[in-house]
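Written out below as structure tokens is the structure these notes cover.
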Amino acid sequence: MSGEEALKKSLKNSYALIILDVQMPGMDGFEVAEILAGNSHTKDIPIIFLSAVNTDKKFITRGYSSGAIDYIVKPFDTDILLLKVKTFYRLYEQNRELTVMQEYLKSEVAFRKQAQLQIQEKVKELHSTLESIPQIAFTATLDGNIDFVNQQWFLFGSDSHTFPPNHPDDPNINDEWAKTIQSGEPLELELRIKKKDDIAYRYHLLRALPVKEQEKIVKWVGTFTDIEEQKQAVKKKDEFLTIASHELKTPLTSIKAYVQLLDKIIPAENHTKSYVDRTLRQVNKLDNLINDLLDISKIESGKLKFEMKELKFDALLNSTLDILRQIHPDYNIVKKGNVQAVILGNEVRLEQVIINYITNAIKYSPDKKEIHVITEIRNDELYLGVKDFGIGISLADQESVFRKFFRVSDSVPHVQGLGIGLYICSEILKRHNASFGVVSNIGKGSTFYFQTPVLEYT
Ligand code: ADP
């Protein structure tokens with residue numbers, strides 16, 4: 001009804017198009033159009049003036065200059081007006097879509113800028129962290145090109161894009177790096193590098209981890225840590241173990257021989273015989289322990305070598321079980337399965353593995369006195385499993401039991417051991433091209449197994 005009403009409505013509602021009279025009571029159409037053009041909410045609404053009275057050129061000019069898109073004089077054709085309305089409405093819609101799109105793009109650009117800034121900040125932070133650590137550190141792009149190195153790097157290498165050269169006897173660092181980049185798996189490698197002005201190489205642990213964003217590798221971060229001192233300490237410890245076990249072995253062999261002699265000459269009815277028996281048992285324990293320590297030092301120095309012969313596995317297993325049944329009469333060692341297989345192996349060493357598996361089964365099942373020894377053919381290979389119903393091993397510890405000196409911390413408290421038996425087994429089994437492992441449930445028991453290739457079986 002009036003300019004004021006038009007203004008009120010257009011501020012409150014959203015309009016696609018306004019058709020405005022020029023002559024109105026109070027405020028005229030031009031004033032209304034100027035106010036609408038000055039308000040951010042209404043400035044983009046297209047306006048068509050419709051006038052019967054103000055048909056003069058000067059009014060039409062004023063109409064356009066106050067922001068109108070058309071000026072129609074009466075009488076007019078309704079159809080044409082409607083067509084114009086439709087066209088303007090379409091234009092308005094397109095315009096609105098463009099505005100929305102523009103807003104979206106603007107916020108997208110702002111977001112990306114912000115994200116880029118954050119990434120730059122993070123990279124800066126990472127670089128200053130890597131500068132502050134005592135290790136040699138570097139970062140690399142997704143495809144393995146080194147793009148940052150810290151100051152330590154230059155003590156060893158002269159070029160910030162290539163690894164410092166490593167000892168020719170160690171695996172080649174560039175080959176290992178190429179493999180790592182291809183696999184996308186973390187790298188852990190011990191190798192020797194030397195300072196530019198030194199002659200001696202020092203052992204370093206190279207570790208490189210992929211940095212992932214939404215499961216995708218975006219870059220790599222790596223360090224070289226000097227482990228020369230640890231390496232030397234381990235070497236000294238190994239040397240000590242070798243010397244000590246050799247030195248212990250010689251007198252013990254004589255003690256064992258004399259005690260065995262005593263055992264033979266003392267008649268069974270003599271009451272001292274039981275003392276000699278007990279002494280012999282303890283001497284045998286000590287002998288086993290020293291043999292284990294000697295095996296460890298042989299493994300360390302790469303000297304654990306043995307001859308492989310064709311052997312009938314079932315006969316070997318039966319004689320081993322006989323020995324164990326004699327030593328542990330209180331345990332029911334049940335053999336399950338009857339596989340006649342010929343394998344290529346070392347009798348003494350395979351017996352050592354079986355004895356170890358079964359002795360452990362006995363040691364770690366103090367309350368359940370039954371052990372199952374299962375043999376069968378699996379995938380054309382010989383499978384041997386030693387199943388106990390004892391304390392079991394947690395999933396986390398199962399991965400480590402074959403590691404050197406590993407013992408489950410809360411295993412049976414009074415059971416002693418060095419945590420080397422299974423490590424020696426694993427080394428023996430590796431040399432037999434056998435796979436091995438453990439399946440276990442806490443409180444229910446464990447099955448230690450190995451699986452080895454066979455020459456023939458029935
Ligand atoms: P040791 O028995 O001398 O400690 P091993 O290398 O033979 O050393 O075994 C390593 C560890 O694995 C043991 O200390 C024990 O914690 C765990 N383990 C081995 N066999 C069994 C088993 N049958 N049941 C439960 N735990 C076991």
Quiz item: Among all the aspartates and glutamates, which ones have a C-alpha under 12 Å from Lys368's C-alpha, if same-chain residues fewer than 8 places away are not counted?
Solution: Asp330, Asp388
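Please list, by residue number, every one of the trypsin sites (Lys or Arg not before Pro) in segment 124-220 that is coil in DSSP and has at most 15 other beta-carbon atoms within 10 Å.
Working: sites: Lys124, Lys179, Arg192, Lys194, Lys195, Lys196, Arg202, Arg207, Lys212, Lys216, Lys219; in loops: Lys194, Lys195, Lys196.
Loop-located and lightly packed - Lys195, Lys196.
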Quiz prompt | Straight-distance crosslink candidates among aspartates and glutamates, where the alpha carbon sits under 14 Å from Lys124 and sequence neighbours closer than 8 are dropped | solution = Asp147
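Could you sort 137-144, 7-14 so that the peptide with the highest average Cβ count within 10 Å comes first and the rest follow in order? Kindly include the intermediate steps, with their values, before the conclusion.
Working: 137-144: 17.6, 7-14: 11.8.
For the peptides 137-144, 7-14, the packing ranking is 137-144, 7-14.
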Quiz prompt | Neighbour cut-off at most 10 other Cβ (10 Å), DSSP loop, chymotrypsin sites (Phe, Trp or Tyr not before Pro), segment 346-423 | solution = Phe405
Quiz item: For Arg349, Arg278, what's the largest-to-smallest order of accessible area, 1.4 Å probe?
Solution: Arg278, Arg349
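Rounded, prolate or oblate: which fits segment 354-448 when a ≥ b ≥ c are the square roots of the eigenvalues of the alpha-carbon gyration tensor, with rounded for a/c under 1.5 and prolate only if a/b beats b/c? All intermediate terms of the calculation are to be shown ahead of the outcome.
Details: a/c = 1.81, a/b = 1.28, b/c = 1.41.
In terms of gyration-tensor shape, oblate.
Starting from segment 211-281, pick out the GluC sites (Glu not before Pro) whose DSSP state is loop and whose Cβ has at most 12 other Cβ atoms within 10 Å. Working shown, then result.
Values: sites: Glu213, Glu215, Glu228, Glu229, Glu239, Glu247, Glu269; in loops: Glu215, Glu269.
Hits after loop and neighbour filter: Glu215, Glu269.
Once you have a ≥ b ≥ c as the square roots of the Cα gyration tensor eigenvalues for segment 92-156, tell me rounded if a/c is under 1.5, and otherwise prolate or oblate according to whether a/b is larger than b/c.
Working: a/c = 8.17, a/b = 3.70, b/c = 2.21.
Prolate, since a/c reaches 1.5 and a/b exceeds b/c.
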Quiz item: Which net charge results when you count Lys and Arg as +1 and Asp and Glu as -1 among the other residues whose beta-carbon is under 15 Å from that of His204?
Solution: -2
Practice problem: Convert 10 °C to kelvin, take the viscosity as 1.306 mPa s, use the Kirkwood radius over C-alpha pairs of the chain as Rh, and evaluate the Stokes-Einstein diffusion coefficient in µm²/s, rounded to a whole number. | Solution: 51 µm²/s
Quiz item: How compact and how long is segment 55-187, expressed as Rg and Dmax of its alpha-carbon atoms in Å?
Solution: 33.2, 102
Quiz item: Which entries of Lys249/Lys404; Lys236/Lys404; Lys236/Lys309 show an alpha-carbon separation above 26 angstrom in the structure shown?
Solution: Lys236/Lys309
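Can you pick out the pairs among Lys113/Lys179; Lys8/Lys113; Lys264/Lys335; Lys212/Lys444; Lys58/Lys86; Lys237/Lys312 whose Cα atoms lie more than 29 Å from each other? Don't skip to the end; give the middle numbers.
On the way: Lys113/Lys179 35 Å; Lys8/Lys113 40 Å; Lys264/Lys335 33 Å; Lys212/Lys444 39 Å; Lys58/Lys86 27 Å; Lys237/Lys312 39 Å.
The pairs that break the limit, which is 29 Å between Cα atoms, are Lys113/Lys179; Lys8/Lys113; Lys264/Lys335; Lys212/Lys444; Lys237/Lys312.
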Quiz item: Which helices count as membrane-span-like in the chain under these terms: full DSSP H, at least 20 Å along the axis by C-alpha, Kyte-Doolittle mean of -1.0 or more?
Solution: 78-132, 228-265, 273-300, 313-327, 347-363
Quiz prompt | By accessible area with a 1.4 Å probe, ligands and nucleic acids excluded, highest first: order of Thr359, Thr375, Thr78 | solution = Thr78, Thr359, Thr375
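The values are calculated or read from the model by the stated rules, or taken from the named source; none is laboratory data. Quantities reported herein were computed from a predicted structural model and do not represent experimental measurements. All Cβ positions, glycine included, derive from the backbone under ideal geometry; neighbour counts span all protein chains shown. These accessible areas exclude ligands, DNA and RNA; they are computed on the full protein's heavy atoms, side chains included. Shrake-Rupley method; radii C 1.70, N 1.55, O 1.52, S 1.80 Å.
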